[in-house]
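Undergrad: I am attaching a structure below and will ask some questions about it afterwards.
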Amino acid sequence: MGRALAPLPANLTFLSLLLLFLPLAARLRPLEALDFQLGPFDPSSDYKTLEVVYPATIANKALQVTPDSAGNFTLQNQSGRILYRQGFKLWDGPSTAPTKLASFNTSFVINIFRVNGNSTPGEGLAFIVAPDLNLPAGSSGGYLGLTNATTDGHDSNRLLAVEFDTFKQDYDPDANHIGLDINSVRSSQNVSLAGLGFQLAPNVTKFFHVWIDYDGGGKVLKVYMIDEDESTPTKPKPASPIMKASLDTSKVVSQNSYFGFAASTGGNVELNCVLSWNLTVEDLPKDGDLPAGLVIGLAVGIPAAAAVLVGAAVLGFRVRRRRAAANDPNILGTLKSLPGTPKEFEFRDLKRATGNFDERNKLGQGGFGVVYKGVLATENRQVAVKKFSRGDLKSKDDFLAELTIINRLRHRHLVPLLGWCHKKGMLLLVYDFMPNGSLDSHIFCGPERQTLGWSHRYKIVSGVASALHYLHDEYDQKVVHRDLKASNVMLDSNFNARLGDFGLARAIDNEKTSYAELEEGVPGTVGYIAPECLHTGKATRESDVFGFGAVILEVVCGQRPWNRAGFGGFQFLVDWVWSLHREGRILEAVDERLGGDYAEEEARRLLLLGLACSHPTAAERPKTPAIVQILSGSVDAPRVPPFKPAFVWPSASPLMEIGDTTDVTPMTSSQFGSGWTPRYASKESDAGYNNSSPV
């Protein structure tokens, strides 16, 4: 029998256990949500991010999942795949009894193009969740780049796909459908698109905006779809899915899988293009990571006291790693409670990125803090770092309020949050850098800078409308921004609008209609604040729409909403535009710097929409779904009365709440300093006015 070892001294036992478990402690991390936004696509950078399997390419600012031109190869009988190179863990625990399934949602814009006009297209495009980055051999034709004649239908494929099929095989309902594919191109569920008014590959160029949402808790997958006339989407996400399916991903895909696209052609050909792609995946701990609730099994025989010491040492190591937040339990507690904890940046990295917050890197300053430009050396990535500066208590409130709101928002027309930092009382939020700065710097620029062209202006307004519709109607909660203005609209490298500065934004429970600060009074900027807010102190979706109306008029007219010098006798821009509308001269409000180079119908539509959004009565302002439809041209411009109605409080509108006792007080624009008192017109006097009726 071997000789028994003498027990270790207590302090040596603790040291040994500490050395044993410190590597485990280093792997502790909270759950996060991983997300990215791609498009328009750039070969110089996106080939590093995406696995592009030949003959797929990145060209013409799009993912060409099958070849986009004949070149040195034929377009017939091709298949390709393009996948995000990073894999994602999609479920926890054993596949027989998973403890958690990762939720994910994705949206993308596709264009399936007929190469030769009236020729029959083929075969189709699919969004896929695959076990690896490989393309199966022989996957052209009806196999859609998913499987082949040998592997189709095998559970070992571990493949999930949503197909957009343009060619009828024997097992297909028709040549224009979507389908849910599980390890096979023989779909487990099909939806024909003809009855929904969609033609995947029409004779004209058509774009489709697709949303795919998977709820891991409910084990439900939903697909939404809308057609677009332009590659930049403007229409809102539909209220109802076109396909809904019960799905347990742990029974289908590999635990670690990849997201992307597959496509194919056969004897018939088409171009299968993806023009933009957003993806958000709940980030489960990778193998080897320890979850937030640490449970360590210790071998029998280790003294309980030593186990407690080990646990304390390990947790102490974690606390030191997250010492930035530990200084304030409120911040740490809030971060822990967030659905997906955003990335924590090291202070030294942000200090180095901004040149120690050098004034020369200062991008702007607002009521809550200063924003600096920075370059993260490790990623060679430009960022915007917001440094809060209203004093300790106020800064913490501002920081947590903004972080709590922006953390879960995901939309192509919002400035993306990258992460946060808290060091020695300094609170920082890190955002994606917008190379073209803010909208106001382009609208209210001097002669040294070329003013924005009309197409950019219209696209920017449409982008802001899309973002506002997301906040008001598409996100889980209603979110009011409370500070819509040109300086808070940022422009990316392609002059797409990105709504930013969520310092004043607040979420409203779905059963409520407004939000009010207890102490702050009425936040916002003169010219953008809805008149009812001055009486109630409450922010609503309608008050956001009022601010959006001011932004529209700024963009079209090239003027700020309020000017002490006035606009032809009016201090408020909206009053001046309304007077031009009454006189049938509304296009005279268009920015003179455009030199007449603009689309008259679009300009008239924007100006009328701006006036409708600026209606003094909140209930009369258009809702964001209607706004988006008006901007897309699918709905006519709103009909605006020739005389601006007087503001009356309280108004007979749904915004009134039980308990309001404010006296009825007529208030005209002159009480805001415009010097103009509106007149009421009877129906008879308006009869000959072609472009006017109540909004």
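Undergrad: For the range 587-611, which positions are touching a helix residue (DSSP H, G or I) at 6+ places or on another chain (Cβ under 7 Å), farther than 15 Å from Gly558 by Cβ and not in a loop (DSSP other than H, G, I, E, B)?
TA: At the first step, the residues of the range 587-611 found to be touching a helix residue (DSSP H, G or I) at 6+ places or on another chain (Cβ under 7 Å) are 587-591, 594, 597-600, 602-607, 609-611.
Still in the running and farther than 15 Å from Gly558 by Cβ: 599-600, 602, 604-605, 609, 611.
Within the range 587-611, Glu600, Glu602, Arg604, Arg605, Leu609, Leu611 meet the criteria.
Undergrad: Looking at the structure I just gave you, is Gly80 outside the structural domain of Arg412 (by TED's automatic domain parsing) and either buried (at least 21 other Cβ atoms within 10 Å of the Cβ) or touching a Lys or Arg at 6+ places or on another chain (Cβ under 6 Å) (or both)? Steps first, please.
TA: Values: outside the structural domain of Arg412 (by TED's automatic domain parsing): yes; either buried (at least 21 other Cβ atoms within 10 Å of the Cβ) or touching a Lys or Arg at 6+ places or on another chain (Cβ under 6 Å) (or both): yes.
Yes, satisfied.
Undergrad: Right, another one. Pick from the range 140-157 the residues that are assigned to a loop (DSSP other than H, G, I, E, B) and either within 35 Å of the chain's Cα centre (by Cα) or not assigned by TED's automatic domain parsing to the domain that holds Ser264 (or both): which of them is surrounded by the most Cβ atoms within 10 Å (Cβ to Cβ)?
TA: Here the answer is Gly145.
Undergrad: Take Lys424 and decide whether it is in the same structural domain as Val370 (by TED's automatic domain parsing) and of a type outside the set (Gly, Ala, Ser).
TA: Numbers: in the same structural domain as Val370 (by TED's automatic domain parsing): yes; of a type outside the set (Gly, Ala, Ser): yes.
Yes: the conditions hold for Lys424.
Table: residues versus (1) crowded, with 19+ Cβ neighbours inside 10 Å; (2) touching a strand residue (DSSP E or B) at 6+ places or on another chain (Cβ under 6 Å); (3) within 26 Å of Ala62 (Cα to Cα).
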| site | (1), (2), (3) |
| --- | --- |
| Ala201 | yes, yes, yes |
| Thr205 | no, no, yes |
| Val210 | yes, yes, yes |
| Asp227 | no, yes, yes |
| Asn256 | no, yes, no |
| Gly260 | yes, yes, yes |
| Gly267 | no, no, yes |
| Glu270 | yes, yes, yes |
| Ser276 | yes, yes, yes |
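Undergrad: Return the total of residues in the range 431-466 being free of Cβ contacts under 8 Å to residues at least 24 places away in the same chain and touching a helix residue (DSSP H, G or I) at 6+ places or on another chain (Cβ under 6 Å).
TA: The total comes to 0.
Undergrad: For the range 177-190, which residues satisfy the criterion of being surrounded by fewer than 20 Cβ atoms within 10 Å (Cβ to Cβ) and farther than 19 Å from Pro131 by Cβ?
TA: Result: Arg186, Gln189, Asn190.
Undergrad: So, one more: Taking the condition of being crowded, with 24+ Cβ neighbours inside 10 Å and assigned to a loop (DSSP other than H, G, I, E, B), how many residues in the range 484-502 meet it?
TA: The total comes to 4.
Undergrad: Next question. Val545 fails exactly one of the following numbered conditions: (1) under 30 Å from Glu402 (Cα atoms); (2) modelled with pLDDT under 95. What is the number of that condition?
TA: The failed condition is (2).
Undergrad: Given the options Thr99, Thr74, Thr106, name the one that is without any contact (Cβ under 8 Å) to a residue 24 or more places away in the chain and either touching an Asp or Glu at 6+ places or on another chain (Cβ under 9 Å) or on the phi > 0 side of the Ramachandran plot (or both). Please lay out each step first, then the result.
TA: Details: Thr74 fails: either touching an Asp or Glu at 6+ places or on another chain (Cβ under 9 Å) or on the phi > 0 side of the Ramachandran plot (or both); Thr106 fails: without any contact (Cβ under 8 Å) to a residue 24 or more places away in the chain.
Of the residues listed, the single one that is without any contact (Cβ under 8 Å) to a residue 24 or more places away in the chain and either touching an Asp or Glu at 6+ places or on another chain (Cβ under 9 Å) or on the phi > 0 side of the Ramachandran plot (or both) is Thr99.
Undergrad: Taking the range 173-198 as the region of interest, how many residues are among the charged types (D, E, K, R) and in contact with an Asp or Glu (Cβ under 6 Å, 6 or more places away or on another chain)? Walk me through it before giving the result.
TA: Step one: filter the range 173-198 for residues among the charged types (D, E, K, R), giving 174, 181, 186.
Going one step further and asking which of them are in contact with an Asp or Glu (Cβ under 6 Å, 6 or more places away or on another chain), we end up with 181.
Matching residues across the range 173-198 total 1.
Undergrad: Now, a different point. Residue by residue through the range 438-448, note down the ones that are in a loop (DSSP other than H, G, I, E, B) and closer than 20 Å to Arg498 by Cβ.
TA: Looking only at the range 438-448, we keep the residues that are in a loop (DSSP other than H, G, I, E, B), and these are 444-448.
Phe444, Cys445, listed by residue number.
Undergrad: Do any strands (runs of 3 or more DSSP E) entirely within the range 8-116 hold 2 or more residues that are more than 23 Å from Leu144 (Cα to Cα), of a type outside the set (Ser, Thr, Tyr) and at pLDDT 65 or above, and if so, which?
TA: Working: elements: 32-38, 50-53, 57-59, 62-64, 79-84, 104-113.
Where strands (runs of 3 or more DSSP E) fall fully within the range 8-116 and carry at least 2 residues being more than 23 Å from Leu144 (Cα to Cα), of a type outside the set (Ser, Thr, Tyr) and at pLDDT 65 or above, they are 32-38.
Undergrad: Can we say Ser187 is among the hydroxyl-bearing types (Ser, Thr, Tyr) and under 18 Å from Lys251 (Cα atoms)?
TA: Working: among the hydroxyl-bearing types (Ser, Thr, Tyr): yes; under 18 Å from Lys251 (Cα atoms): yes.
The answer is yes for Ser187.
Undergrad: Restricting attention to the range 550-575, which residues are aromatic (Phe, Trp, Tyr) and within 23 Å of Ala465 (Cβ to Cβ)? Step through it out loud before you land on a result.
TA: Within the range 550-575, the first condition is being aromatic (Phe, Trp, Tyr), and the residues that meet it are 562, 567, 570, 572.
Correct list: Trp562, Phe572.
Undergrad: Do you know which residues across the range 229-241 are crowded, with 18+ Cβ neighbours inside 10 Å and within 20 Å of Glu163 (Cβ to Cβ)?
TA: Pro241, the sole residue that qualifies.
Undergrad: Taking the options His422, His413, name whichever one is buried (at least 22 other Cβ atoms within 10 Å of the Cβ) and at pLDDT below 90.
TA: His422
Undergrad: Can you name the number of the only condition in (1) modelled with pLDDT of 95 or more; (2) in contact with a strand residue (DSSP E or B) (Cβ under 9 Å, 6 or more places away or on another chain) that Cys533 fails?
TA: The failed condition is (1).
Undergrad: Checking the conditions here, which among Asp473, Asp492, Asp483 is among the charged types (D, E, K, R), at pLDDT below 90 and closer than 30 Å to Phe347 by Cα?
TA: Working: Asp473 fails: closer than 30 Å to Phe347 by Cα; Asp492 fails: at pLDDT below 90.
Asp483 is the lone residue from the list that is among the charged types (D, E, K, R), at pLDDT below 90 and closer than 30 Å to Phe347 by Cα.
Undergrad: Would you pick out the residues in the range 602-643 that are acidic (Asp, Glu) and modelled with pLDDT under 95? Lay out the reasoning, then the answer.
TA: So in the range 602-643, the residues acidic (Asp, Glu) come out as 602, 620, 636.
Matches in the range 602-643: Glu620, Asp636.
Undergrad: To continue, here is another question. Report whether or not Arg604 is crowded, with 16+ Cβ neighbours inside 10 Å, among the charged types (D, E, K, R) and more than 24 Å from the chain's Cα centre (by Cα).
TA: Answer is yes for this residue.
The values are calculated or read from the model by the stated rules, or taken from the named source; none is laboratory data. Only a predicted model underlies this, so the values are computations on that prediction, with no experimental measurement involved. Glycine also receives a Cβ, built like all others from the backbone with ideal geometry; neighbour counts cover every protein chain displayed.
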